[in-house]
Amino acid sequence: MHCFDILLANKLPGELPAVVVAFGDDAFLRKETVATALALAQVDHDAPRSFDGEESPWIDVHDELATLSLFEPDARRIAIVGNADRLIKDSRPQLEKWCTAPAANSLLILQVTSLPSSTKLFKLVDKQGWCVACSLPTGGGRSKTPNASEIKKWISTWAKSRHSLHLTGTQATLVLDAVGADCGLLHQELAKLALYAEQGKLSDAQIRANVGSWRTRTM
């Protein structure tokens, strides 16, 4: 599954499973995918507990997922582990065991930069839960070149859903050409453009004048 399947459609492919891994080299997409998935599943903002995978041992994460709440025994226990690459490296057997038989009414979310599909953990998560690729889509196959068409589609959709901006296809191209294929930076530039919009619309000249100027000055 690719993160755009959730972010562009703004809906989940099904009920949230017990284990979700958001993997890929784009930290912004990893964060937004997790946040959007929880929001679409109507999870209360304060329900998840966050852990730093660089510092938190598996036992702490396990206890959070496996221990029933004294006051809300039926509440779903949710743990989000950011920077989970170190946790996976140190506790892979425990994680594999957990993915085989997770505790009832629990949700483990791991955010990692890499999780090869050849690993046992990937295969277990893919079978029992969701593995969500959080990198820019490419042309397919072994290509590493970002798919400009898909990114422009994301720009238009994100501008409308998150910033109330209605961009034409040409304007999405202008933004991409000026900023580059970086979703975090694109998000920031769209937020800036929203300040200049009237009823969600901008002229091409306004976009040229207000997007990417930081990049020009830096160069």
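The values are calculated or read from the model by the stated rules, or taken from the named source; none is laboratory data. Bear in mind that the values here come from a model prediction, so they are computed numbers and not experimental data. FYI the Cβ positions are ideal-geometry reconstructions off the backbone, even for glycines, and counts take in every protein chain you see. These accessible areas exclude ligands, DNA and RNA; they are computed on the full protein's heavy atoms, side chains included. Shrake-Rupley method; radii C 1.70, N 1.55, O 1.52, S 1.80 Å.
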Inset, instruction - Kindly write out, for the range 81-89 in residue order, the coupling ³J(HN,Hα) from the Karplus curve 6.51 cos²θ - 1.76 cosθ + 1.60 (θ = phi - 60°), rounded to whole Hz, with x marking Gly and Pro. - result: 10, x, 6, 7, 4, 5, 4, 5, 4
Inset, instruction - Using per-residue counts of other Cβ atoms within 10 Å, averaged over each peptide, order 97-109, 195-207 from highest down. - result: 97-109, 195-207
Inset, instruction - May I ask for the net charge around Ala197, where only other residues with Cβ less than 15 Å from the Cβ of Ala197 are counted and Lys, Arg are +1 while Asp, Glu are -1? - result: +2
Legend entry - Net charge dipole size for the chain [Lys, Arg +1 and Asp, Glu -1 on Cβ; Debye, nearest 20]: 760 debye
Inset, instruction - For the range 127-135, just list the computed ³J(HN,Hα) in residue order, Karplus coefficients 6.51, -1.76 and 1.60, θ = phi - 60°, integers in Hz, with x standing in for Gly and Pro. - result: 7, 8, x, 10, 10, 10, 6, 10, 9
Inset, instruction - Using a cut-off of 11 Å between beta-carbons, work out the net charge of the residues near Ser135 (Lys and Arg +1, Asp and Glu -1, Ser135 not included). - result: 0
Inset, instruction - Please get the size of the charge dipole for the range 1-88, origin at its Cα centre, with Cβ charges of +1 on Lys and Arg and -1 on Asp and Glu, quoted in debye to the nearest 20. - result: 240 debye
Legend entry - Full-stretch length increase - Ala194, Arg49 - with 0.36 nm per residue and alpha-carbon distance subtracted: 49.0 nm
Legend entry - Rounded percent of accessible protein surface that carbon and sulfur make up, the chain, 1.4 Å probe: 49 percent
Inset, instruction - Mind pulling the angle between the C-alpha long axis of helix 169-179 and the longest principal axis of the chain? Nearest 10 degrees, somewhere in 0 to 90. - result: 80 degrees
Legend entry - Proximal charge balance of Ser161 [Cβ under 13 Å; K/R count +1, D/E count -1]: +3
Legend entry - Spherically averaged projected area in nm², based on the convex hull that wraps the Cα atoms of the chain: 14.1 nm²
Inset, instruction - Calculate, for the chain, the solvent-accessible area per residue in square angstrom, rolling a 1.4 angstrom probe over the heavy atoms of the protein chains. - result: 55 Å²
Inset, instruction - Could you tell me which of the pairs Lys127/Lys153; Lys144/Lys201; Lys120/Lys153; Lys152/Lys192; Lys31/Lys97 are separated by over 23 angstrom between their Cα atoms in the structure shown? - result: Lys127/Lys153; Lys144/Lys201; Lys120/Lys153; Lys31/Lys97
Legend entry - Spherically averaged projected area in nm², based on the convex hull that wraps the Cα atoms of the range 36-122: 6.0 nm²
Inset, instruction - Specify the angular offset, from 0 to 90 degrees and rounded to the nearest 10, of the alpha carbon long axis of helix 183-194 from the longest principal axis of the alpha carbons in the chain. - result: 50 degrees
Legend entry - Signed unit charges on C-beta, dipole axis of the chain, positive-most listed residue Leu136, Ser149, Ser56: Ser149
Inset, instruction - Specify which residue in the list Leu121, Cys183, Leu108 is farthest towards the positive end of the charge dipole of the range 74-195, using unit charges on the beta carbon of Lys, Arg (+1) and Asp, Glu (-1), about the Cα centre. - result: Leu121
Inset, instruction - With everything on Cα atoms, drop me the angle between helix 148-163 and the longest principal axis of the chain, reported from 0 to 90° to the nearest 10. - result: 80 degrees
